[in-house]
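Participant: Before I ask anything, let me first share the structure, which is written out below as structure tokens.
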Amino acid sequence: MNKMKMFIILLMCFSVIACFYAGVGTGEPLVPALIIMGDSVVDAGNNNRLNTLIKANFPPYGRDFLAHNATGRFSNGKLATDFTAESLGFTSYPVPYLSQEANGTNLLTGANFASGASGYDDGTAIFYNAITLNQQLKNYKEYQNKVTNIVGSERANKIFSGAIHLLSTGSSDFLQSYYINPILNRIFTPDQYSDRLMKPYSTFVQNLYDLGARKIGVTTLPPLGCLPAAITLFGETGNNNTCVERLNQDAVSFNTKLNNTSMNLTNNLPGLKLVVFDIYNPLLNMVMNPVQNGFCESRRACCGTGTMETSFLCNALSVGTCSNATNYVFWDGFHPSEAANRVIANNLLVQGIPLIS
């Protein structure tokens with residue numbers, strides 16, 4: 001019986017993956033739209049329009065992107081969500097909602113509402129003058145009105161219910177807020193802080209559901225303690241080559257709560273398909289086994305010294321920036337390289353089968 005179940009699962013996987021690649025470039029995506037919300041890992045340029053230090057719209061960011069231009073993506077090239085859009089059969093990426101391109105028929109295949117330094121806790125985004133998750137949701141409501149005005153309510157509702165809504169956030173809550181905020185880490189233990197974040201997460205999913213979303217994917221936290229900047233900031237003095245285990249343990253604890261909370265939401269919201277995407281283990285595997293995954297360097301990032309630089313600290317004058325980012329798991333102190341994003345996206349492809357089947 002177990003062998004038969006495994007065979008059926010594998011058959012389904014192969015069938016759906018074949019459909020993915022059959023749909024690429026045909027102009028017939030597997031879902032009507034792709035909606036992206038969250039933080040800098042998926043921000044495609046919304047922070048360009050904000051008065052914030054958390055930006056990536058300057059070299060060397062984007063040097064390996066389509067036209068070798070810095071678009072505001074926190075990477076040398078494509079994000080994992082860009083690869084996801086391609087795999088779903090879209091011929092363009094969801095436009096940043098604050099960009100000039102976010103109008104007319106460009107909105108019919110989705111939009112990107114993410115903002116670097118945003119988190120489940122709105123206080124995280126407010127501190128960095130980023131777009132809070134609540135404001136992203138308000139922007140999404142505005143987006144829905146625009147789409148409805150273009151195609152009418154019947155078709156618009158089909159787009160919203162059939163669209164995949166991806167949420168990737170939470171890292172900033174820990175790395176750029178909790179760990180460096182003496183008030184927060186004095187009041188809450190890491191475990192208590194994780195519990196605190198589950199409420200805005202649940203509310204966010206409920207609100208998306210109330211707006212007609214039925215296919216939602218949310219990413220886990222990555223191995224926080226393995227990010228180059230985290231090792232520099234929180235690692236043991238003199239040991240800058242080992243992941244910070246306590247940070248990784250905090251991420252694992254949070255991810256367990258995220259899975260449990262998501263299961264409860266699925267059980268209580270009829271018709272909801274909610275998938276928790278595991279990015280912790282794929283990224284940890286790349287860090288711990290770089291050569292087996294096609295990388296040469298997994299401790300230091302490509303940009304600058306590779307120990308800390310991100311946003312404005314990662315710039316055209318940064319000394320030491322590598323010439324070939326494909327050898328690196330990390331592009332800057334916090335964000336994966338395009339090559340690593342491709343590996344992550346391939347993992348998401350298989351995990352996301354329930355959202356398109």
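Participant: I need to check one value: relative contact order of the chain, counting alpha carbon pairs closer than 8 Å and at least 6 residues apart, in percent.
Facilitator: Once divided by the residue count of the chain, the mean separation gives 18 percent.
Participant: Under a point spin-label approximation (7 Å from Cα along Cα-to-Cβ), what is the N293-N346 distance to one decimal in nm?
Facilitator: 1.1
Participant: For region 200-357, calculate the relative contact order in percent as a whole number, restricting contacts to Cα pairs under 8 Å that are 6 or more residues apart.
Facilitator: RCO, region 200-357: 26 percent.
Participant: Here is a follow-up. T105 label point, 7 Å along Cα→Cβ, cut-off 12 Å on backbone N: hits in region 139-164?
Facilitator: No residue qualifies, since no backbone N sits under 12 Å from the label point.
Participant: By how many nm would the segment from N315 to S253 grow when fully extended, if each residue of separation counts as 0.36 nm and the alpha-carbon distance is taken off?
Facilitator: My answer for the length gained is 18.9 nm.
Participant: While we're looking at this one, here's another question. On the protein heavy atoms, probe 1.4 angstrom, tell me the percent of accessible surface of region 221-356 carried by carbon and sulfur.
Facilitator: For region 221-356, the apolar C and S fraction of the accessible surface comes to 53 percent.
Participant: If you don't mind, there's one more thing I want to ask. Enumerate by residue number the trypsin sites (Lys or Arg not before Pro) in region 105-191 meeting two conditions: DSSP loop (anything except H, G, I, E, B), and at most 10 other Cβ atoms within 10 Å of the site's Cβ.
Facilitator: Loop-located and lightly packed - none at all.
Participant: Please state the relative contact order of region 53-191 as a whole percent: Cα pairs under 8 Å, 6+ residues apart?
Facilitator: Worked out over region 53-191, it gives 15 percent.
Participant: Amide H neighbours of T310 under 5 Å, at least 5 residues apart or on other chains, H built in the peptide plane: list them.
Facilitator: Residues meeting the criterion, in which the H sits 1.01 Å from N, are G333.
Participant: Rounded to the nearest 20 debye, what is the charge dipole size of the chain about its Cα centre when +1 sits on each Lys and Arg Cβ and -1 on each Asp and Glu Cβ?
Facilitator: The dipole of the chain has a size of about 560 debye.
Participant: Modelled label-to-label distance, N264 and T91, 7 Å Cα→beta-carbon offset: nm?
Facilitator: Taking the simple label geometry, N264 and T91 are separated by 4.6 nm.
Participant: Something else now. Would you please give the residues with an amide H less than 5 Å from that of G217, counting only those at least 5 places away or on a separate chain, with H modeled from the backbone geometry?
Facilitator: Amide H neighbours of G217, under 5 Å, 5+ apart: H165, L166, L167, V275.
Participant: While we're here: What is the P(r) of the chain, as percent of Cα-Cα pairs per 20 Å bin from 0?
Facilitator: Histogram of Cα-Cα distances, whole percents per bin: 31, 61, 9, 0.
Participant: Now for a different question. Read phi for every residue in region 243-255 and hand back ³J(HN,Hα) as whole Hz from Karplus 6.51 cos²θ - 1.76 cosθ + 1.60, θ = phi - 60°, with x for Gly and Pro.
Facilitator: Once rounded to whole Hz, the list reads 4, 7, 4, 5, 5, 5, 5, 4, 5, 4, 4, 4, 5.
Participant: Could you run the Karplus curve 6.51 cos²θ - 1.76 cosθ + 1.60 with θ = phi - 60° over region 278-294 and give me ³J(HN,Hα) per residue in whole Hz, x for Gly and Pro?
Facilitator: Coupling constants for region 278-294: 7, 9, 4, 5, x, 6, 4, 5, 5, 5, 7, 10, x, 4, 5, 9, x Hz.
Participant: What ³J(HN,Hα) values, in whole Hz, does the Karplus curve 6.51 cos²θ - 1.76 cosθ + 1.60 give for region 136-147 when θ = phi - 60°, with x put for Gly and Pro?
Facilitator: 4, 5, 5, 5, 5, 4, 4, 4, 4, 5, 5, 5
Participant: Rank N51, Y280, P29 by how far each Cα sits towards the positive end of the charge dipole of the chain (+1 on Lys, Arg Cβ; -1 on Asp, Glu Cβ) and give me just the farthest.
Facilitator: P29
Participant: Using alpha carbon centroids, what distance separates region 126-163 and region 268-312, in Å?
Facilitator: 28
Participant: Now, a different point. Rule-of-thumb check for region 26-153: C-alpha Rg over 2.2 N^0.38 Å?
Facilitator: Against the compact-globule rule of thumb, the ratio is 1.03.
The values are calculated or read from the model by the stated rules, or taken from the named source; none is laboratory data. All of these numbers come straight from a predicted model, not from anything done at the bench. All Cβ positions, glycine included, derive from the backbone under ideal geometry; neighbour counts span all protein chains shown. Calculation scope for accessible area: heavy atoms of the full protein, side chains included, ligands and nucleic acids excluded. Shrake-Rupley method; radii C 1.70, N 1.55, O 1.52, S 1.80 Å.
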